[in-house]
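Structure first, commentary second.
We did not get these values from a lab; they are worked out from the coordinates using the rules stated. All values derive from a computational prediction rather than experimental measurement. Glycine also receives a Cβ, built like all others from the backbone with ideal geometry; neighbour counts cover every protein chain displayed.
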Amino acid sequence: MQGLRPGPAFETALAALPACLLDAPIGVAVSGGGDSLALLLLAQRWAAGRGRTLFALTVDHGLRPEARAEAEAVAALCRQLGLPHETLRLEGAAPRQASLRRGRHAALARAARQRGSRLLLTGHTADDQAETFLMRARQGSGWYGLAGMRPLSLSPVWPEGQGVFIARPLLGARREELRTFLRAEDVRWVDDPSNDNPAFERVRMRRLLCPKMSGSVQILSVMDRFQTLRMIEDAALWRWMTANIRVSEGVIEVTFLTLLPTERAARALGLLIQIAAGREVPPRGERLARLVERIVSKEDFRGATLGGCQIRPRRGRLQLASETGPPIPGIAARLAAHQAILSGNTHEIAAAAGKESFLEDLVPIF
Ligand SMILES: Nc1ncnc2c1ncn2[C@@H]1O[C@H](COP(=O)(O)OP(=O)(O)OP(=O)(O)O)[C@@H](O)[C@H]1O
């Protein structure tokens, strides 16, 4: 996909999404940076030509005094474009990256749901993918993680993100070409100072890549191959899940995990633990691998806890439930949505998005 001008690349990416996600109002997450401003312009043109409804959201994390004016500049551009815009202010967020990210995703998803939207667009680019590759490689990620961000995924926060999909239609575009596009459109963007702060790993990776554009081209072509492999792996995982997983009273029940190759078993168990525990990410690496080894080996497995989840054997099945308190609400709906993403099939995604339980409110959104 690299090398396409941003407009056609954007349109190709949106054409691949299930129609039901595009029929409801579509949210655009705009920070005021170059990538998401280009996203806003491209989305506005695309929507105007097709009668789709768009709205824009900007999160002010409440950490930098300039952020208020930056959000106001996005609002002014939206007025010019004839699009509704809302600034979401995070109150008292801890200035740690993980909690800022969680707060941002929760605020965006709530605002989307308030407007009856099922889809948020973000401005992640091919350059973000290459940086992600390097960051994950440093953390020891395997090929599956090195495939990078998905073009369509679910809001990572739960339960606030319930029913909200995230699409990244600029993953095929280069940051520099988006800036060229904005210059031609005479639109100015802001450069958040944290984007230049080497205290952040992403910035250090960006600096490694920047002087060597060919470096990122090679990384992106490796990622392309890993993405193809991931589609095959996801389809296998999906087929296994449709036959071997069920949810009963908030507890996930699993059969025949031991028949999977170890790496796939770890991937499946990691996702199921994440869902049963209501977490944003699966437990990482070593502890998960050790747990799978214990389950798969002939040892007498009597149960374990990992990632906020209790795993115990029961009548030939594994049962997974939240370690603390009552079961996490909406487990079946979240599982169905994850399975649909793994299937890569637009009909499955439409079915998961359309499930009444998926759209029921688990948390007050006002
Ligand atoms: N404060 C925010 N408000 C709204 N959306 C945001 C915000 N921060 C990030 N996003 C969304 O997430 C995407 C990726 O986030 P990232 O932190 O990489 O972006 P950024 O460097 O802050 O801004 P940009 O990608 O627009 O240059 C953005 O393109 C945008 O769609």
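Brief remarks on what is shown
- Centroid-to-centroid separation of the range 229-285 and the range 65-133 [C-alpha atoms, Å]: 31 Å
- In sequence order, calculated HN-Hα J values of the range 152-167 (Karplus, 6.51, -1.76, 1.60; Hz; x Gly/Pro): 9, 9, 9, 3, x, 9, 9, x, 4, x, 3, x, 10, 9, 10, 10
- Taking the longest Cα principal axis of the chain as reference, the axis of helix 262-277 is set at about 80 degrees.
- The chain: most fluctuating residue of Gly172, Gly82, Gly33 per GNM, C-alpha cutoff 10 Å: Gly82
- Using alpha-carbon coordinates, inclination of helix 34-48 to the longest axis of the chain, degrees: 90 degrees
- Under 5 Å from the amide H of Leu54 lie the amide H atoms of Ile26, each residue being 5 or more positions distant or on a separate chain, with H modelled from the backbone and absent for Pro and chain starts.
- Its residues counted as N, the range 167-296 yields a C-alpha radius of gyration over 2.2 N^0.38 Å of 1.48.
- Per-residue extension of 0.36 nm, minus the Cα-Cα distance of Ser248 and Gln218, leaves a gain of 6.2 nm for this segment.
- Of every Cα-Cα pair in the range 141-218, the percent that sits beyond 18 Å: 65 percent
- Candidates Ala265, Ala48, Ala73, ranked by Gaussian network fluctuation over the chain, Cα under 10 Å, top entry: Ala48
- Whether the range 290-344 is rounded, prolate or oblate, judged on the alpha carbon gyration tensor where a/c under 1.5 counts as rounded: oblate
- Of all DSSP beta bridges in the chain, antiparallel share, percent nearest 5: 55 percent
- Residues Leu229 and Thr53, FRET efficiency given R0 of 30 Å [Cβ-Cβ distance, rounded to 0.05]: 0.25
- The chain, relative contact order in percent, only Cα pairs under 8 angstrom and at least six apart counted: 18 percent
- Cβ-derived FRET efficiency at R0 51 Å, Ala15 paired with Phe200, nearest 0.05: 0.90
- Cα convex hull of the chain - mean projected area over all directions, nm²: 18.2 nm²
- Applied to the range 255-261, the Karplus parametrisation 6.51 cos²θ - 1.76 cosθ + 1.60 on θ = phi - 60° returns per-residue 3J(HN,Hα) values of 10, 6, 4, 5, 7, 7, x Hz, with x for Gly and Pro.
- Amide H contacts under 5 Å for Val164: Ser155, restricted to partners 5 or more places along the chain or on a different chain, H placed in the peptide plane at 1.01 Å from N.
- Comparing Arg239, Arg64, Arg168 in a Gaussian network model of the chain where C-alpha atoms under 10 Å apart are linked, the largest mean-square fluctuation is found at Arg64.
- Working from Cα pairs under 8 Å separated by at least six residues, relative contact order for the range 31-133 is 29 percent.
- Taking every C-alpha pair closer than 8 Å and separated by at least 6 residues, the mean separation divided by the residue count of the range 231-359 gives a relative contact order of 28 percent.
- Compactness of the range 231-359 as Cα Rg over 2.2 N^0.38 Å, two decimals: 1.01
- Convex hull of alpha carbon positions in the range 1-140: directionally averaged projected area 9.6 nm².
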